[in-house]
């Protein structure tokens, strides 16, 4: 092997090692960043969950005095808070290194959802003048069909943030209450959507969602 | 997960390969074709079998070549018992031009036997092989023959471009050939050419006789690659001309392309396995110390990449198709921003992050290689070229991987394929 070719060989080798080194360095940085971010997320979710529980307990004390105005103020933002929490839970669920933590968080999240949903139902019956729309969205993990449904829900949420409460509930976390509720509302296929006590079966899901929302309350401006 | 790391390693090897070619290209791109110090006698062999669509044009190109060449020159057309008008068309030319001769073989024995038969009756010291659907540029010989002044050169090969691509499949091959012209310059610089291309390559006749001529299809499906290994084994060099160029017809359908690539890829598997003993033998220089091992490793790496693509890319593809179906079924307009955001959010893989960096580097190298390929092929870049180039990694590269996977399976199952 002559010197010219040797030179090219070593140049290419050095180049490859340099690229691989920087690629791994880059990957390491991304991994560390994600890991730190993930740990922060898990802690954050626990804190938020506790926060939510306290707020809901506080809310319960007001139900006793039946003060609809005050209750409404407390309720604003609670749904959003839970919806954002759901997104974080899904992200954490995608990290396979934290399986045990993930299961706990998912269950906690589903309980929070159901708890808030029941409170909302109670609020709607006690304070009909402040009645809120709600969407119960049951979904499995790794679901291709869910992407368009999530787009539709997001779309509705973007249009009328305050008057619609969205409860995204993963259906495969082993909570029997979820099975009972889906059975009660006759949700025989997951992903499934229940809007204001009514289950949607239509093909044109977006139209169906609006129909049930409008029937229930005034349409969004 | 371990497959991810093997994939990363495989991509590292491929990256080294591409870097090697690009550095080699820039090191040797300035080298010019040497002018011949003497007039060489040249016999051009054109093996034909049912080539009535192209033989006339090929012979016209060879006549133009003869006009531009002042040395002894003859053309031997070897008809392998065509059932169309190929023989009579070639005979018409032979009657008109004294330097063209036509012979008809008795049995159908394939291309290798046609070339060997012509080698026996060829009058001159150099023997050129031209496919019946190849059209060499008229001044090609001026650029090729100078290499034979060096007694250690056994064969010289040339660059190829596709003649008038029309269909999509032809355009993909056109782009592929442009890339291969960049590779040829790099291989030439590294003294690592491992195939003397069928459309136009020139050999020393006595060397061909000495090493036993071209082997039949029973031994190798790619006789042009196989003979290159034997020429190297005999201690001769293979060179590539910088300026000589030949246009050629390519496979007009995916089906024909599939079977051609099965033959080529199986040929590569067979030849690299057959001459594995040349690997690391210092007497064959860079070719044996670096190229044979790396090409062999790359072929193995293909298996990993194929596995990875099947398990990851195609599941990604099927998921995307299902999602699109549901969007249409549910009449919902997708939100691309959410999709992109979600993709990056839910892929915290370590390997994927490394690949992301490597893919950016590979993309830059890929662009450089194609720019160089266009320059080497003397092809003007048109909007069609750019579109096909962008479609290549989406359509043609997966197709090539499929061809490789099929070739590996057919080779292991000993399925027999023939040239025609």
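Could you check the stretch B:265-276 and list, in sequence order, the residues that are surrounded by 16 or more Cβ atoms within 10 Å (Cβ to Cβ) and assigned to a helix (DSSP H, G or I)? Those that are surrounded by 16 or more Cβ atoms within 10 Å (Cβ to Cβ) and assigned to a helix (DSSP H, G or I): B:265, B:266, B:267, B:268, B:269, B:270, B:271, B:272.
Restricting attention to the stretch A:19-28, does a residue exist that is modelled with pLDDT of 75 or more and loosely packed, with under 13 Cβ neighbours inside 10 Å? Within the stretch A:19-28 (the criterion being modelled with pLDDT of 75 or more and loosely packed, with under 13 Cβ neighbours inside 10 Å), the answer is yes, since at least one residue qualifies.
For the stretch B:7-27, filtering for residues that are surrounded by 15 or more Cβ atoms within 10 Å (Cβ to Cβ) and more than 24 Å from the chain's Cα centre (by Cα) leaves 2. Only one entry in A:60, A:37 is part of a helix (DSSP H, G or I), at pLDDT below 75 and facing another protein chain (nearest Cβ under 10 Å), namely A:37.
A single entry from B:10, B:43 fulfils the requirement of being in contact (Cβ under 8 Å) with a residue 40 or more places away in the chain, over 30 Å from residue B:301 (Cα atoms) and either within 14 Å of chain A (Cβ to nearest Cβ) or part of a strand (DSSP E or B) (or both): B:43. All conditions but one from (1) assigned to a strand (DSSP E or B); (2) over 18 Å from residue B:330 (Cα atoms) apply to residue A:194; the one that does not is (2).
Per this entry, residue B:295 is not counted among residues that are surrounded by 22 or more Cβ atoms within 10 Å (Cβ to Cβ) and either touching a residue at least 24 places away in the same chain (Cβ under 8 Å) or at positive phi (or both). Only a single criterion out of (1) in a helix (DSSP H, G or I); (2) away from chain A (no Cβ under 14 Å); (3) out of contact with any strand residue (DSSP E or B) (no Cβ under 8 Å at 6 or more places or on another chain) is not satisfied by residue B:180, namely (3). Evaluation of residue B:128 against the conditions (1) surrounded by fewer than 23 Cβ atoms within 10 Å (Cβ to Cβ); (2) within 17 Å of residue B:156 (Cβ to Cβ); (3) away from every other protein chain (no Cβ under 14 Å); (4) out of contact with any helix residue (DSSP H, G or I) (no Cβ under 7 Å at 6 or more places or on another chain) shows that the sole unmet condition is (1).
Exactly one residue among B:244, B:279 is surrounded by 15 or more Cβ atoms within 10 Å (Cβ to Cβ), farther than 30 Å from residue B:409 by Cβ and at pLDDT 85 or above, and that residue is B:244.
Checking each residue in the stretch A:136-171 for being more than 25 Å from residue B:319 (Cβ to Cβ) and crowded, with 20+ Cβ neighbours inside 10 Å picks out A:136, A:164, A:165, A:167.
Every condition in (1) away from chain A (no Cβ under 14 Å); (2) more than 22 Å from the chain's Cα centre (by Cα); (3) touching a residue at least 24 places away in the same chain (Cβ under 8 Å) is met by residue B:60 except one, and the failing one is (3). Find the residue count for the stretch B:190-249, including only residues that are within 11 Å of residue B:155 (Cα to Cα) and within 14 Å of another protein chain (Cβ to nearest Cβ). Matching residues across the stretch B:190-249 total 2.
Checking each residue in the stretch A:137-163 for being outside any helix (DSSP H, G or I), at pLDDT below 80 and in contact with a helix residue (DSSP H, G or I) (Cβ under 6 Å, 6 or more places away or on another chain) picks out A:144, A:145. Any residue at all in the stretch B:68-76 that is surrounded by 15 or more Cβ atoms within 10 Å (Cβ to Cβ), over 23 Å from residue B:121 (Cβ atoms), more than 22 Å from the chain's Cα centre (by Cα) and more than 14 Å from chain A (Cβ to nearest Cβ)? No, every residue in the stretch B:68-76 fails to be surrounded by 15 or more Cβ atoms within 10 Å (Cβ to Cβ), over 23 Å from residue B:121 (Cβ atoms), more than 22 Å from the chain's Cα centre (by Cα) and more than 14 Å from chain A (Cβ to nearest Cβ). Apart from one condition, residue B:30 fits all of (1) surrounded by 22 or more Cβ atoms within 10 Å (Cβ to Cβ); (2) in a loop (DSSP other than H, G, I, E, B); (3) free of Cβ contacts under 8 Å to residues at least 40 places away in the same chain; the exception is (1). Of the residues making up the stretch B:327-375, just one is facing chain A (nearest Cβ under 8 Å), at pLDDT 70 or above, surrounded by fewer than 15 Cβ atoms within 10 Å (Cβ to Cβ) and in a helix (DSSP H, G or I), namely B:329. If the condition is being without any contact (Cβ under 8 Å) to a residue 12 or more places away in the chain and either crowded, with 19+ Cβ neighbours inside 10 Å or in a helix (DSSP H, G or I) (or both), then the stretch B:376-389 contributes B:383, B:386, B:387.
Is it the case that some residue within the stretch A:116-136 is under 17 Å from the mean Cα position of the chain (by Cα) and within 14 Å of chain B (Cβ to nearest Cβ)? Among the residues of the stretch A:116-136, not one is under 17 Å from the mean Cα position of the chain (by Cα) and within 14 Å of chain B (Cβ to nearest Cβ), which makes the answer no.
Listed here are the residues, each with its yes/no results for (1) part of a loop (DSSP other than H, G, I, E, B); (2) closer than 23 Å to residue B:250 by Cα.
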{"position": "B:195", "(1), (2)": "yes, yes"}
{"position": "B:202", "(1), (2)": "no, yes"}
{"position": "B:213", "(1), (2)": "yes, no"}
{"position": "B:219", "(1), (2)": "yes, no"}
{"position": "B:225", "(1), (2)": "no, yes"}
{"position": "B:238", "(1), (2)": "no, no"}
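The values are calculated or read from the model by the stated rules, or taken from the named source; none is laboratory data. Predicted, not measured: the structure shown is a model, and the values here were computed from it. All Cβ positions, even for glycine, are placed from backbone atoms using ideal geometry, and neighbour counts span all protein chains on display.
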